[in-house]
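Reading through the structure tokens given below for one structure.
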């Protein structure tokens, strides 16, 4: 079952922005941009993706797991499973 949360449009926006930056990094490499500049941009892209992931996983924990009415053992199992991605 697929669920769209209020935070998903913001996460998609973040990822699209990161994708644009990543495409720019590819162009920078192809054009021979200095390594320090490329590394700085790669760092920014990695942070943007990591931040989007954190928001996504935390949103899932808050809305799907905290609000779950399922079996406690299942909820704990899902929490353990998704926490690997933090």
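Step by step: first the residues of region 64-86, then only those that are in a loop (DSSP other than H, G, I, E, B) and over 21 Å from residue 6 (Cβ atoms), then the one that is modelled with the highest pLDDT. Which residue is that?
Taking region 64-86 as the starting set, the residues that turn out to be in a loop (DSSP other than H, G, I, E, B) are 66-71, 84-86.
Now restrict to residues that are over 21 Å from residue 6 (Cβ atoms): 70-71, 84.
On the way: 70: 72, 71: 79, 84: 85.
Among them, the one singled out is 84.
Are any of the residues in region 47-62 within 20 Å of the chain's Cα centre (by Cα), over 22 Å from residue 8 (Cα atoms) and surrounded by fewer than 13 Cβ atoms within 10 Å (Cβ to Cβ)? No, every residue in region 47-62 fails to be within 20 Å of the chain's Cα centre (by Cα), over 22 Å from residue 8 (Cα atoms) and surrounded by fewer than 13 Cβ atoms within 10 Å (Cβ to Cβ).
Table: residues versus (1) in a helix (DSSP H, G or I); (2) at pLDDT below 95.
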position	(1), (2)
22	yes, no
33	no, no
42	yes, no
45	yes, no
55	yes, yes
58	yes, yes
62	yes, yes
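Kindly list, by first and then second residue, each pair from a residue in region 32-51 that is more than 22 Å from residue 86 (Cβ to Cβ) to a residue that is assigned to a helix (DSSP H, G or I), limited to pairs with Cβ atoms under 7 Å and residues at least 6 apart or on different chains. Partner pairs satisfying both residue conditions: 37/28; 38/25; 38/28; 38/29; 41/21; 41/24; 41/25; 41/28.
The values are calculated or read from the model by the stated rules, or taken from the named source; none is laboratory data. What you are looking at is a predicted structure, and each value in this text was computed from that prediction instead of being measured. So basically every Cβ, Gly included, is an ideal-geometry build from the backbone, and we count neighbours across all protein chains shown.
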